[in-house]
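Values in this text are rule-based calculations from the coordinates and carry no lab data. Since we're looking at a predicted model, the values are computed, not measured. Virtual Cβ from ideal backbone geometry, glycine too; neighbours counted across all protein chains shown.
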Amino acid sequence: MIIINVLEGDEHQPNISNITNQAEFYHLKKVEEETVENIAEFEHAISSGGYDYFVLIGHGDEMCFTDNKLFEIEWSEIGEKICNAGCLNDNSILMMYCCKGGVMEVAFTLFAECKHLAYVFGSKEEMYPIELAIGFNLFMYQLEFKDLSPELAARKALEGTDRLFTCYFRNDVLKNPHWHNNYCKDCASAERGYDEISDCPDCP
């Protein structure tokens, strides 16, 4: 697990400690935490590989990931940099410890930029930090202790908090026409129209 934090201040330390404690509970290997202030530090932090979980701690919306001060990066750039770094294992999960990290637009954008990414988990709405913490804890518990699938684990997080947590699975996204029409880089249907043959092997 790698944890990338962009928030400054001691008031955000419980967010980091909560996740590192969960990793310790479940005996996850290779747990690293980095606080970054700029894009160069972000790139350096993800330069090593072998992660099953990639956690982002900060603020988010449909367009970007930020600290609401100086650090800001678009989701498409995050996906591209993660893919180029080659830091993810197969079936890895990108976990968004931020608001709006689980909206469809964000997940689809990340999948478009990084073919190595299997799952995207996060919140579809604005939440208090305690709600994010409980949702993440429930998600990790269902994954690591109960051995549920990420999709079912996300559902348990939703049911346990009554907040909109969700997890997108790449294989399901590839069956969605909206993905092929608006996000898939291998599918030219958005540019050429559906009456022409697509280059995408997964195009429905």
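Every Cα-Cα pair of segment 20-82 was included, and the share exceeding 12 Å stands at 73 percent. On C-alpha positions alone, give me the angle between the axis of helix 129-140 and the longest principal axis of the chain, in degrees, nearest 10. Between the helix axis and the principal axis of the chain, the angle is about 70 degrees. Largest GNM mean-square fluctuation among PHE165, PHE25, PHE139, using the chain with Cα springs under 10 Å: PHE25. Charge dipole (Cα centre; +1 on Lys/Arg Cβ, -1 on Asp/Glu Cβ; no other charges) of segment 16-96 amounts to roughly 300 debye.
Each residue, ASN89 and LYS146, gets one label point 7 Å from its Cα in the Cβ direction; the gap between the two is 2.2 nm. Subtracting the Cα-Cα distance of ASP61 and LYS29 from their residue separation scaled by 0.36 nm leaves 8.5 nm. Lysine pairs in the chain whose alpha-carbon atoms fall under 18 angstrom of each other, counting only those eight or more residues apart or on distinct chains, come to 9.
Rounded to 0.05, the FRET efficiency of the ASN68 and LYS185 pair, given R0 = 45 Å and the Cβ-Cβ distance, is 0.90.
Projecting the Cα atoms of SER76, ILE57, SER92 onto the charge dipole of segment 16-93 (Cβ charges, centred on the Cα centre) puts SER92 farthest toward the positive pole.
When you count the other C-beta atoms within 10 angstrom of each residue and take the mean per peptide, 179-185, 47-53 line up highest first as 179-185, 47-53.
Multiplying each eigenvalue of the alpha-carbon gyration tensor of the chain by 5 and taking the square root yields semi-axes of 28, 19, 16 Å, largest first, rounded to whole angstroms.
With both residues required to sit in the chain, DSSP beta bridges show an antiparallel share near 35%.
Counted residue by residue at 0.36 nm each, then reduced by the alpha carbon distance between them, the extension gain from GLU125 to GLU43 reaches 26.8 nm. Summing charges over all other residues whose Cβ lies under 10 Å from the Cβ of ALA112, with Lys and Arg as +1 and Asp and Glu as -1, gives -1.
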